[in-house]
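Here is the structure we will look at, set down as structure tokens.
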Amino acid sequence: DIFLPSAVDATRWVNYILIKINVFAWRARLDRLSSRSNLVRRRVVLDSSLCPLCGLVPEDIHYVLFRCDTAKLVFRRICRWWDLDWHDLLSFSDWNAWFSVIRLPSRIKLILERVFYVTWWHLWVYRNQSIFATTPSRRSVIFDDIVSRSFTWCASRCNSSFS
């Protein structure tokens with residue numbers, strides 16, 4: 001029998017964002033993405049197992065999406081945009097605990113959750129572009145891309161209005 005892997009945190013599917021982002025977040029939470037630590041664990045030979053963004057620490061999914069300076073910078077900007085207090089988080093479990101105590105109206109909180117999913121997606125795309133693209137993206141545009149993409153998806157897929 002083949003079963004889906006179990007996880008401490010329940011799988012969370014967020015409506016109104018692309019299915020590929022939901023699948024990405026699900027795989028990230030289960031640590032099933034091709035991070036350098038996972039590739040090394042599978043005995044793939046790499047030039048380096050260090051984070052391609054900073055080159056300082058062995059890369060795993062939690063490092064890329066939470067602990068790397070790029071991720072911290074982006075999350076601080078997201079929290080400033082939403083007028084929230086940000087605390088450095090180490091993992092999805094930490095994020096779940098932090099997110100669960102945020103007091104916002106439920107519809108607004110759902111939009112914020114979508115923004116975080118989009119943020120994780122953009123951080124992973126930025127990481128991949130830094131490895132594979134001939135001209136990598138600039139770090140300075142990540143936040144702008146997140147805001148633009150979040151607004152576009154919410155405006156076109158949600159029943160919420162923005163004023």
Rounded if a/c is under 1.5, else prolate if a/b beats b/c, else oblate: with a ≥ b ≥ c from the C-alpha gyration tensor eigenvalues square-rooted, which is the range 59-138?
-> prolate
Stokes-Einstein diffusion coefficient of the chain, Kirkwood radius over Cα pairs, 4 °C, 1.567 mPa s, in µm²/s | 77
Report the full-extension gain for the segment residue 156 to residue 42: residue separation times 0.36 nm, less the Cα-Cα distance, to one decimal in nm.
-> 37.0 nm
Using the Cα atoms of the range 82-129 to build a convex hull, what is its mean projected area in square nanometres?
-> 3.7
Do the sum for the chain: with -39,500 (n - 2.57) for every DSSP H run of n ≥ 4, divided by all residues, what is the mean residue ellipticity at 222 nm, to the nearest 500 deg cm²/dmol?
-> -16500 deg cm²/dmol
In terms of the Cα gyration tensor, with a ≥ b ≥ c the square roots of its eigenvalues, is the range 17-81 rounded because a/c is under 1.5, prolate because a/b exceeds b/c, or oblate?
-> oblate
Within the range 57-136: Cβ-based charge dipole about Cα centre, in debye rounded to nearest 20 (Lys, Arg +1; Asp, Glu -1) = 320
Order of 137, 34 from fewest to most other C-beta atoms within 10 Å?
-> 34, 137
Dipole in debye (nearest 20) - the chain, about Cα centre, beta carbon charges: Lys, Arg +1; Asp, Glu -1 = 260
For the charge dipole of the range 48-163, defined by +1 on Lys and Arg C-beta atoms and -1 on Asp and Glu C-beta atoms about the Cα centroid, which residue among 61, 104, 51 has the Cα displaced farthest towards the positive pole?
-> 104
Can you name the helices of the chain, as whole DSSP H runs, whose Cα span along the helix axis is 30 Å or more and whose Kyte-Doolittle mean is not below 0.0?
-> 106-132
Residue-span extension gain [residue 87 to residue 137] - 0.36 nm each, minus C-alpha spacing | 15.4 nm
Sort 113, 59 so the one with the fewest other Cβ atoms within 10 Å of its own Cβ comes first.
-> 113, 59
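Laboratory data are not the source of any read-out in this text; all were calculated from the coordinates shown. None of the values given here were measured: they were computed from a predicted structure. We place every Cβ from the backbone using ideal geometry, glycine too, and count neighbours over all the protein chains shown.
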